[in-house]
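A.B. asks: The structure is given below, and queries will be raised subsequently.
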Amino acid sequence: MAVTPGPEGVPPPSAPPRVNFHNRTAVRIGLLMAGIASLLSALPTMAAGLAGLAIWWLTAGFMSVYIYRRRTGQFLTVDSGLRMGWITGLLGSTITSVVFTVSVVPLIRGGGLATLYQEQFHKMYGNDPNVQQALKMLENPSSLAMVVVFVLLFFFLIITFLCTAGGALGAKLVGGVTGAGPKAAP
């Protein structure tokens with residue numbers, strides 16, 4: 001069987017760009033959704049606690065895939081959805097870490113962080129000696145730094161996990177492709 005050449009000067013169709021940090025559209029959409037989720041994640045903390053945070057970050061990953069699909073028309077595999085959610089999660093955890101650090105530094109410098117937590121925990125636990133001993137750690141600068149580092153690590157892990165899961169879910173529901181590549185015609 002002879003292969004007929006295509007029209008001269010027409011390049012073969014190129015593969016769609018991969019979803020990664022070199023893809024400007026993916027980064028812009030991830031940054032948009034990370035910024036929105038970072039701002040909104042402060043709202044449900046007071047009302048719904050960690051469940052509210054989980055909803056915002058899962059939604060950010062899901063919506064990043066949805067918006068990417070709408071803007072580019074590209075079908076996303078679950079793997080691409082995971083990467084889109086991961087981009088959103090990395091950017092979101094970075095934004096959240098900066099906001100957290102900027103808001104905590106003045107409290108640490110003024111000594112108000114230990115006082116703030118002492119008031120909160122006294123209302124919740126009374127004069128429990130174990131709680132009082134834990135609160136004494138906040139008065140030591142090296143222990144306080146360790147607590148801040150653990151909080152930032154917690155933010156990073158939770159936010160990237162939730163956004164990645166939301167991205168995978170978005171790819172499964174709105175991405176359009178379930179396999180690893182385009183389907184072959186019969």
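A.B. asks: Please list, ordered by first then second residue, the pairs with beta carbon atoms under 7 Å, 6 or more apart or interchain, first in segment 65-86 and in a helix (DSSP H, G or I), second among the charged types (D, E, K, R) and surrounded by fewer than 16 Cβ atoms within 10 Å (Cβ to Cβ).
C.D. replies: Listed pairs, sorted by first residue: none to list.
A.B. asks: Looking only at segment 50-100, which residues are among the aromatic types (Phe, Trp, Tyr) and open to solvent by 40 Å² or more (accessible area, probe 1.4 Å)?
C.D. replies: Trp56, Phe62, Tyr66, Phe75, Trp86, Phe100
A.B. asks: Out of everything in segment 36-51 that is closer than 11 Å to Gly92 by Cα and among the hydroxyl-bearing types (Ser, Thr, Tyr), what residue ends up being modelled with the lowest pLDDT?
C.D. replies: Ser41
A.B. asks: Looking only at segment 99-111, decide whether some residue is part of a helix (DSSP H, G or I) and over 28 Å from the mean Cα position of the chain (by Cα).
C.D. replies: yes
A.B. asks: Within segment 159-182, restricting attention to residues that are at pLDDT 90 or above and small (Gly, Ala, Ser), which residue is farthest from Leu40 (Cα to Cα)?
C.D. replies: Ala171
A.B. asks: What residue, among those in segment 1-35 that are small (Gly, Ala, Ser) and in a loop (DSSP other than H, G, I, E, B), is modelled with the lowest pLDDT?
C.D. replies: Gly6
The values are calculated or read from the model by the stated rules, or taken from the named source; none is laboratory data. Note that this is a predicted model, so its numbers are computed, not measured. Using ideal geometry, Cβ is built from the backbone for each residue, glycine included, and neighbour counts are taken over all protein chains shown. For accessibility, only protein heavy atoms count, side chains too; no ligands or nucleic acids. Shrake-Rupley method; radii C 1.70, N 1.55, O 1.52, S 1.80 Å.
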